[in-house]
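Chemist: Okay, handing you the structure first.
No lab work stands behind these numbers, since they all come straight from the coordinates. Note that the coordinates shown come from a computational prediction; the quantities given were computed from them, not determined experimentally. Cβ placement follows ideal geometry from the backbone for every residue including glycine, while neighbour counts extend to all protein chains displayed.
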Amino acid sequence: MLQRRWYTLLRWTLGLAFIWYGLIKVVGGQFNYAFFDSPWTLDSQSFDSVTFVWMFFGYSRLYGLFIGLGELTAGLLLLFRRTSTIGALAYLPIALNISVLDITYGFPLPATMLICGLTLGCLGLLWMDRRKLLLLFEPAPEHV
């Protein structure tokens, strides 16, 4: 019973976090799209690596929307018990990608710790669902 409560708490925490971040991206609030509406020049002396990453993602509104919809979808799937496993499978590559970006490009430590925690939480959900996932690799029964 306690494990079920932890599972529910974890999937809701992960789901709501990604729904929040996904919505921010869908409405255009996270990446700097306005920067590209005027002539610009980038050089490594003017911007740090984090700014370059944000500018890369902000270059295309469509790509920002794509990322946001992916986060939103994974988050929504986690809110429902019947779709939580597929939600965690969708969540993991997104969270892992953000974790690697944060670590390799030197994002602030609190942001890096948050996404790494969400990634580990997702791995925890998948671990708790391992029996369901292992069924995918069992051979189909032969019909006589």
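Chemist: For residues that are surrounded by fewer than 18 Cβ atoms within 10 Å (Cβ to Cβ) and closer than 15 Å to Leu120 by Cβ, tally how many sit in the range 1-18.
Modeler: Number of matching residues: 4.
Chemist: A further question follows. Residues in the range 127-140 that are surrounded by fewer than 17 Cβ atoms within 10 Å (Cβ to Cβ) and in a helix (DSSP H, G or I): how many?
Modeler: Result for the range 127-140: 9.
Chemist: For the range 128-140, check the following and say yes or no: at least one residue is within 12 Å of the chain's Cα centre (by Cα) and either of a type in the set (A, V, I, L, M, F, W, C) or at negative phi (or both).
Modeler: no
Chemist: Conditions first: (1) surrounded by fewer than 20 Cβ atoms within 10 Å (Cβ to Cβ); (2) part of a helix (DSSP H, G or I); (3) of a type outside the set (A, V, I, L, M, F, W, C). Tyr91 passes all but one, so which condition is the exception?
Modeler: Of everything listed in (1) surrounded by fewer than 20 Cβ atoms within 10 Å (Cβ to Cβ); (2) part of a helix (DSSP H, G or I); (3) of a type outside the set (A, V, I, L, M, F, W, C), Tyr91 misses just condition (1).
Chemist: While we're on this one: Considering only the range 55-88, how many residues are part of a helix (DSSP H, G or I), closer than 22 Å to Arg131 by Cβ and of a type outside the set (Val, Ile, Thr)?
Modeler: Total meeting the criteria: 9.
Chemist: Same structure again: Given the criteria of a type outside the set (S, T, N, Q), under 16 Å from Leu16 (Cα atoms), touching a residue at least 12 places away in the same chain (Cβ under 8 Å) and assigned to a helix (DSSP H, G or I), does Ile98 qualify?
Modeler: Taking the combined requirement at face value, the residue does not satisfy it.
Chemist: Give Thr112, Thr119 a once-over and let me know the one that is β-branched (Val, Ile, Thr), in a helix (DSSP H, G or I), buried (at least 17 other Cβ atoms within 10 Å of the Cβ) and more than 11 Å from the chain's Cα centre (by Cα).
Modeler: Matching residue, one of Thr112, Thr119: Thr112.
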